[in-house]
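See structure below.
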């Protein structure tokens, strides 16, 4: 029995080390191993739920939390994490119920009060006037709380006070250097302030901490795109090689892809794609009306075949090339 307890303790310590190193997927393996040996281990259940939430495996996190709450219904931390799950899926009413339960069980924990307040804001966004004051009060109660300081930084970021936001993000990273969301938002502030090299390093660090964070990956691609290190034209060529019947739909998807980009170069690409889309929509019916029905059917069949057997594999290959290039760029950065 003692040997088993020692093994559990070693696994838990290894999981904590992996979390500090930003290797959440490996930490998940360790916590899962503990729960396979001791299904009622509270520390493993809580740690596993945290890792699953941070890596976007939300339904797995919910399953772990519900099983743990069946054994520990009076644990406020588990209720708080369940509230975070509902917050992430934007079920604010259930989130509020979970956070209220956590607050009832532990009224002295400032984060429980904050979570109730934050969820109420999502339900009633007009009640924002005391938000900044509430954040400062919460930080005074728990000055090392990452959540409070992250949200304070994000508040300043949303108000376009990027320098102030950077200061707070930097302070948070001193205590939690592998927080992918903080790294990503810090990088966004750097982009706005034209600190592109620093932003590039921060996005790369965010991806190292959490490879599943899509926002960080998209931001990293944007930086590489500005440096002309990515095949931006591959997306455009992919649209051209797709058969004519699919061209309007694909170009529309490309337009949606580009809508978040703000550079002049990207804006020009959007304009070109839009013009091609309009021209295609205008000319396509005229072309088809001049053809006989059986020729149109043959044409569509050929186009679908080209799309399935040629275009899709080629676009997949381009994506693999782009992903390899992104990984190579991450490895080159000096701070990694």
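Figures for the structure shown
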| quantity | calculated |
| --- | --- |
| Given (1) part of a helix (DSSP H, G or I); (2) at pLDDT 90 or above, index of the condition residue 53 fails | (2) |
| Pairs with Cβ under 6 Å, 6+ apart, first in region 212-227 and under 16 Å from residue 178 (Cα atoms), second modelled with pLDDT under 85 and in a helix (DSSP H, G or I) | none |
| Residue 84 modelled with pLDDT under 75, in a helix (DSSP H, G or I) and not assigned by TED's automatic domain parsing to the domain that holds residue 56 | no |
| Search result, residues across region 91-113 that are touching a residue at least 24 places away in the same chain (Cβ under 8 Å) and either in the same structural domain as residue 59 (by TED's automatic domain parsing) or part of a loop (DSSP other than H, G, I, E, B) (or both) | 106, 109 |
| Verdict on residue 227 being at pLDDT 85 or above and surrounded by fewer than 18 Cβ atoms within 10 Å (Cβ to Cβ) | no |
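The values are calculated or read from the model by the stated rules, or taken from the named source; none is laboratory data. Please read all numbers here as calculations on a predicted model, not as lab measurements. Cβ sites come from the backbone with ideal geometry, for glycine too, and all protein chains shown count toward neighbours.
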